[in-house]
Amino acid sequence: MPKKEFIVFTTKKVFSPNLLRDIADYFQTSITSVAFRYLELGKHPIFLFHCKDGKVIYWKNIENYYRKVKDITKLSVPNNSVAMEFFNDATIYSKDESAQEIVKSTWFETKQYDLDGKYFEYCIVTKNYNTVLSVVWEP
């Protein structure tokens, strides 16, 4: 996905799972690669959490983003996350329901004065490998 063409294609478009799918269709590539490219070049900040067998393997975010991720690498996926719904119950949401509302404290540290605000989580599931790439963003 060439940088310039990617930026032109995504400019003035609201971030959503549908946007990721549209980008994947346009560039004829995987939705996973699109998520990583959007993290790098997109205008809306997102976080990516790679999970396998119910554990957080690693996470990525844009540089200098003000949210601090909980120290959960190598630990269990948060219980109230959409990713855990897959690991516990094999839940995979339809395209229309793929952006699920969560709260900030699901994946991020919150301070005493923080509101536990609204976030969204979209899971890219690979059942054969029991993995989830959670895309998390603030509306």
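The values are calculated or read from the model by the stated rules, or taken from the named source; none is laboratory data. Predicted model only: the values in this text are computed from it and were never measured. Reconstructed Cβ throughout: ideal geometry from the backbone, glycine too, with neighbour counts over all protein chains shown.
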Could you tell me which numbered condition R67 fails, if it satisfies all but one of (1) surrounded by 12 or more Cβ atoms within 10 Å (Cβ to Cβ); (2) closer than 24 Å to E40 by Cβ; (3) at pLDDT 95 or above? (3)
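Residue by residue, here is whether (1) over 17 Å from V136 (Cβ atoms); (2) assigned to a loop (DSSP other than H, G, I, E, B); (3) of a type in the set (K, R) holds:
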{"position": "K4", "(1), (2), (3)": "yes, no, yes"}
{"position": "F9", "(1), (2), (3)": "yes, no, no"}
{"position": "N18", "(1), (2), (3)": "no, no, no"}
{"position": "T29", "(1), (2), (3)": "yes, yes, no"}
{"position": "F47", "(1), (2), (3)": "no, no, no"}
{"position": "Y66", "(1), (2), (3)": "no, yes, no"}
{"position": "D71", "(1), (2), (3)": "no, yes, no"}
{"position": "F87", "(1), (2), (3)": "no, no, no"}
Based on what the data block shows, is F36 modelled with pLDDT of 95 or more, assigned to a helix (DSSP H, G or I) and over 17 Å from L133 (Cα atoms)? no
Of the candidates F120, F87, F49, F15, the one satisfying the condition of being at pLDDT 95 or above, buried (at least 16 other Cβ atoms within 10 Å of the Cβ) and not assigned by TED's automatic domain parsing to the domain that holds W137 is F15
Considering every residue within segment 67-79, establish whether at least one is under 24 Å from L19 (Cα atoms) and either free of Cβ contacts under 8 Å to residues at least 12 places away in the same chain or not small (G, A, S) (or both). yes
Does S94 satisfy the condition of being small (G, A, S), at pLDDT 95 or above and in contact with a strand residue (DSSP E or B) (Cβ under 8 Å, 6 or more places away or on another chain)? no
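Matching residues to (1) assigned to a strand (DSSP E or B); (2) under 19 Å from P139 (Cβ atoms):
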position	(1), (2)
D22	no, yes
D25	no, no
H44	no, yes
V56	yes, no
N80	no, yes
I102	yes, yes
D116	no, yes
F120	yes, yes
